[in-house]
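Visitor: So that we are looking at the same thing, I have put the structure below in structure tokens.
The values are calculated or read from the model by the stated rules, or taken from the named source; none is laboratory data. On a predicted model such as this, the values are computed, not experimentally measured, just so you know. Ideal geometry is used to build each Cβ from the backbone, glycine not excepted, and the neighbour counts take in all protein chains shown.
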There are 2 protein chains.
Amino acid sequence: MEFSSKLIEKAVNEIAQLPGIGKRSALRLVLHLLKQPKEQTTFLSQALTQMRENIQYCTNCHNISDSLVCEICSNTNRDHQVVCVVEDIRDVMAIENTGQYRGIYHVLGGKISPIDGVGPSQLKITTLLEKVKQNQVSEIIFALSATMEGDTTNFYIYKQIAHSNVQISTIARGIAVGDELEYADEVTLGRSILQRVPFEKSFKNN
Amino acid sequence: MEFSSKLIEKAVNEIAQLPGIGKRSALRLVLHLLKQPKEQTTFLSQALTQMRENIQYCTNCHNISDSLVCEICSNTNRDHQVVCVVEDIRDVMAIENTGQYRGIYHVLGGKISPIDGVGPSQLKITTLLEKVKQNQVSEIIFALSATMEGDTTNFYIYKQIAHSNVQISTIARGIAVGDELEYADEVTLGRSILQRVPFEKSFKNN
């Protein structure tokens, strides 16, 4: 792609480094910004820089936060004995949206994935193990993606805390609400039969 | 969507104002930037601000440029009598990529579209008409999208220069190279028959 302006070229190249945005889409975004008032670009740049410069992580759960301890961890109404292990902030937001969980979180910052060069040392696993050691936790709930990497990460952590008397659970795998049985994959359907729940329990939280 | 950090929220809201990017995608981009070195965000912000602040438009053809007159307009090897009317810089790039055109351009900056609130006065039509009046042009080639808006814009300009002795043409509509006839729409196929070209001409430029 040849550009008539070095400024455009630079902006397009920077935007195109973001995941899922190619050079054509980047150029479309740049041309959009050019049609908008200058302030929009200024606000966008400022928001990005400020976010990147000033962002903090909760010292307790490693969730993204504006203070040293995040709102969830500093909320005394929540059960600090129950820790839900998740991959990143998006999962925290998703679980919070359900309104069903009253414990706290532990954000790993990813999952073990040798293909992407992510090993256990790059994740916030040590601090989780320490919490268990210091008897701060009564239950750990694994809420990672139901993928090979998620399962590997679950198992890696499980092996290191299995000897402690912490209760370890994982979120239920099964048929999603609204799904039709015939389209469910075999593994999911098989698990949902093996891990069936008493009928009275199935509508308890609705 | 509730965010655990105001900084994240602000960045997501700014990014989500761009066309084709929703809040979820914006959050994905923000989390990506957080995982990358700080410099990437700095470079991105700087490139955007500099682009928006310092961008110039060619005084002759209104194409985006780093100088007062763009490279194409200042190229004396090109035919300044032939003007190709296009919508925006992307069309200039697309036509330049073909390597088949040796004239100059006139970038309208959009097309007449009452639904989007774009009328003739918002487009760079007056300067085009002036070029025609001052006899600087021998041929005008319409190269706008083959849509209702494109055709409206073509016709609007045509009506105002039809009385002059400028030659007016439009890029050929027809079956795209590589396309199969059975999948072509009727209007395109119909036009391609009515506007058939001598066979010798059809492989002249290959």
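Visitor: Among (1) of a type outside the set (D, E); (2) assigned by TED's automatic domain parsing to the domain that holds A:I157; (3) on the phi > 0 side of the Ramachandran plot, there is one condition A:V86 misses while meeting the rest; what is its number?
Guide: (3)
Visitor: Next question. Report yes if some residue within the stretch B:190-204 is within 21 Å of the chain's Cα centre (by Cα) and among the hydrophobic types (A, V, I, L, M, F, W, C); otherwise report no. I'd like the intermediate steps shown before the answer.
Guide: Of all residues in the stretch B:190-204, those within 21 Å of the chain's Cα centre (by Cα) come to none.
No, the stretch B:190-204 contains no residue that is within 21 Å of the chain's Cα centre (by Cα) and among the hydrophobic types (A, V, I, L, M, F, W, C).
Visitor: If you take the residues of the stretch B:162-206 that are more than 23 Å from B:Y101 (Cβ to Cβ) and assigned by TED's automatic domain parsing to the domain that holds B:V92, which of them is surrounded by the most Cβ atoms within 10 Å (Cβ to Cβ)?
Guide: B:A162
Visitor: For the stretch B:129-146, indicate whether the set of residues that are within 14 Å of chain A (Cβ to nearest Cβ) and modelled with pLDDT of 90 or more is non-empty. Before you say what the answer is, go through the steps one by one.
Guide: Taking the stretch B:129-146 as the starting set, the residues that turn out to be within 14 Å of chain A (Cβ to nearest Cβ) are none.
No: zero hits.
Visitor: Here is a list: B:D116, B:D66, B:D151. Which entry is closer than 30 Å to A:L33 by Cα and in contact with a strand residue (DSSP E or B) (Cβ under 7 Å, 6 or more places away or on another chain)? Step through it out loud before you land on a result.
Guide: Details: B:D116 fails: in contact with a strand residue (DSSP E or B) (Cβ under 7 Å, 6 or more places away or on another chain); B:D151 fails: in contact with a strand residue (DSSP E or B) (Cβ under 7 Å, 6 or more places away or on another chain).
Only one candidate qualifies: B:D66.
Visitor: Taking only the stretch A:148-160 into account, find how many residues are free of Cβ contacts under 8 Å to residues at least 24 places away in the same chain and more than 11 Å from A:I112 (Cα to Cα).
Guide: Final tally of qualifying residues: 2.
Visitor: Pick out the one residue from A:K23, A:K38 that is under 25 Å from B:E39 (Cβ atoms), surrounded by fewer than 14 Cβ atoms within 10 Å (Cβ to Cβ) and outside the structural domain of A:F142 (by TED's automatic domain parsing). Walk me through it before giving the result.
Guide: Values: A:K23 fails: surrounded by fewer than 14 Cβ atoms within 10 Å (Cβ to Cβ).
Selected residue: A:K38, the only one of A:K23, A:K38 that is under 25 Å from B:E39 (Cβ atoms), surrounded by fewer than 14 Cβ atoms within 10 Å (Cβ to Cβ) and outside the structural domain of A:F142 (by TED's automatic domain parsing).
Visitor: Quick check on this structure: which one of A:G117, A:G103 is loosely packed, with under 13 Cβ neighbours inside 10 Å, without any contact (Cβ under 8 Å) to a residue 40 or more places away in the chain and either in contact with a Leu (Cβ under 7 Å, 6 or more places away or on another chain) or of a type in the set (G, A, S) (or both)?
Guide: Values: A:G103 fails: loosely packed, with under 13 Cβ neighbours inside 10 Å.
None of the others qualify; the one that does is A:G117.
Visitor: So, one more: Quick check on the stretch A:183-206. Is at least one of its residues closer than 19 Å to A:V82 by Cβ and in contact with a helix residue (DSSP H, G or I) (Cβ under 7 Å, 6 or more places away or on another chain)? Don't jump to the end; show me each part of the working.
Guide: From the stretch A:183-206, those closer than 19 Å to A:V82 by Cβ are A:201, A:204-205; that's our starting set.
Filter once more, keeping what is in contact with a helix residue (DSSP H, G or I) (Cβ under 7 Å, 6 or more places away or on another chain): none.
Among the residues of the stretch A:183-206, not one is closer than 19 Å to A:V82 by Cβ and in contact with a helix residue (DSSP H, G or I) (Cβ under 7 Å, 6 or more places away or on another chain), which makes the answer no.
Visitor: So, one more: Just need a number here: residues in the stretch A:120-157 that are surrounded by 12 or more Cβ atoms within 10 Å (Cβ to Cβ) and assigned to a loop (DSSP other than H, G, I, E, B).
Guide: Number satisfying all stated conditions: 10.
Visitor: Could you please find all residues in the stretch A:72-88 being closer than 19 Å to A:D151 by Cα and either modelled with pLDDT under 90 or out of contact with any Lys or Arg (no Cβ under 8 Å at 6 or more places or on another chain) (or both)?
Guide: So the first thing to find is which residues in the stretch A:72-88 are closer than 19 Å to A:D151 by Cα, and the list is A:83-88.
Passing the criteria: A:C84, A:V85, A:V86, A:D88.
Visitor: Another one. Report whether or not A:V69 is assigned by TED's automatic domain parsing to the domain that holds A:T152 and either modelled with pLDDT under 90 or within 24 Å of the chain's Cα centre (by Cα) (or both). Break it down into steps so the answer makes sense when it comes.
Guide: Details: assigned by TED's automatic domain parsing to the domain that holds A:T152: no; either modelled with pLDDT under 90 or within 24 Å of the chain's Cα centre (by Cα) (or both): yes.
So A:V69 fails the test.
Visitor: Oh, and also: Go through the stretch A:1-14 residue by residue and tally those that are within 7 Å of another protein chain (Cβ to nearest Cβ) and not in a loop (DSSP other than H, G, I, E, B).
Guide: 6
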